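Accompanying notes for the structure given below.
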Ligand SMILES: [Zn+2]
Ligand SMILES: [Zn+2]
């Protein structure tokens, strides 16, 4: 079985700790064929430069790309290392998004929503002070808007806020009221030939399921979804590849026979048989 992990962060992301080289060595040790390093770039904060709380993306992303290129030379025989980017909230600042996409020649771009317009990152949100249903409605609306953005390959960690709601409030919200919004997102992805990510980071958190979970992955498949990508969202070398087997199981149970990797934004189907 060919294994991959195409959502990981090196220390060129403000919240991660390992070098690209350490990530590559971990990937090789765990028998991965494909690794993508997808460091953070939050569109609306690019213009803040060094004053940004996340550090300067103008500095970090070119450094990430340079480290990836160097590692591609060094480990090219053992590992297919893809040059990636996790683009946060591209629709919040289309101009800066264009700027971010011009940092380099990426193989693979993930699109994410970590915070809603005018609100804190879900990581910092106090769910006791907000109407959770209203927040989720806004979240799925913003994701639909993001899904229609042309310049990405896979939509990352759908249901991301649930990770924090479960962690802090101890319950998993009923998604039934948002079913139509989720179907709308899937229809846009399918029409635009974009992938849906199965992010396995949740398996190691109190939510204890993939983002999105098997039920939604199956819905995507049943609606005609063709491309799914697999990522750990590792923020250190120790987590590279961890839980990918479970992600493959989730994809198979949903009826997928292949997962997808992207090279120069071209989808490549990898058999899970
Ligand atoms: Zn993310
Ligand atoms: Zn990430």
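Rule-based calculations on the coordinates, nothing more; no lab input. Keep in mind the model is a prediction, meaning the values are calculated, not measured. Glycine gets a Cβ as well: all are built from the backbone with ideal geometry, and neighbour counts include every protein chain shown.
Label positions at residue 132 and residue 120, each projected 7 Å from the Cα along the C-beta direction, are separated by 1.7 nm.
Assuming R0 = 41 Å, what is the FRET efficiency of residue 53 and residue 271, from their Cβ-Cβ distance, to the nearest 0.05? Could the numbers behind the result be given before it?
Values: r = 43 Å, r/R0 = 1.04.
Working from the Cβ atoms, E equals 0.45.
Fewest neighbouring Cβ atoms within 10 Å first, the residues 56, 18 line up as 56, 18.
State the extension gain, in nm to one decimal, for the chain segment bounded by residue 193 and residue 28, taking 0.36 nm per residue of separation less the distance between their alpha-carbons.
56.4 nm
Would you mind calculating the gained length between residue 148 and residue 236 on full extension (0.36 nm times residue separation, minus the Cα-Cα distance), in nm to one decimal? Write down the numbers at each step before the final one.
Details: separation 88, 0.36 × 88 = 31.68 nm, distance 3.12 nm.
Full extension of this stretch gives 28.6 nm more.
Highest mobility in the GNM of the chain, judged by mean-square fluctuation with C-alpha springs under 10 Å and restricted to 47, 83, 24, is found for 47.
Please report Rg over Rh for the chain, where both radii come from the alpha carbon positions and Rh follows the Kirkwood definition. If you can, show how the numbers build up before the last one.
Numbers: Rg = 17.3 Å, Rh = 18.5 Å.
With Rg and the Kirkwood Rh in hand, the quotient comes to 0.94.
The distance between label points at residue 263 and residue 105 comes to 1.4 nm (points 7 Å beyond Cα on the Cα→Cβ vector). Remark: spin-label model distance residue 246-residue 17 equals 2.1 nm, labels positioned 7 Å along the Cα→Cβ axis. By the count of neighbouring beta-carbon atoms within 10 Å, fewest first, 17, 89, 180 end up ordered 180, 17, 89. Among DSSP beta bridges whose residues both lie in the chain, state the antiparallel percentage, nearest 5. The antiparallel proportion sits near 25 percent. Mind jotting down the distance between the C-alpha centroids of the range 8-34 and the range 214-273, whole Å? Cα centres, the range 214-273 to the range 8-34: 19 Å.
Counting pairs of alpha carbon atoms under 8 Å apart in space and at least six apart in sequence, what relative contact order in percent does the range 4-271 give? Can you show the working numbers first?
Working: 521 pairs, mean separation 55.0, N = 268.
The normalised contact order for the range 4-271 reaches 21 percent.
Shape descriptor for the range 1-144: Rg over Rh equals 1.02 (Cα atoms; Rh from the Kirkwood inverse mean 1/r). Computed from the Cβ-Cβ distance with R0 of 41 Å, the FRET efficiency linking residue 74 to residue 171 stands at 0.30.
Put in order of Cβ neighbour count within 10 Å, fewest first, the listed residues 233, 58, 126 become 126, 58, 233. DSSP bridge analysis restricted to the range 38-143 gives an antiparallel fraction near 10%, rounded to the nearest 5.
From the gyration tensor of the Cα coordinates in the range 56-138, what semi-axes in whole Å does the equivalent ellipsoid have, largest first, with each one equal to sqrt(5λ)? Sorted largest first and rounded, they come to 33, 15, 11 Å.
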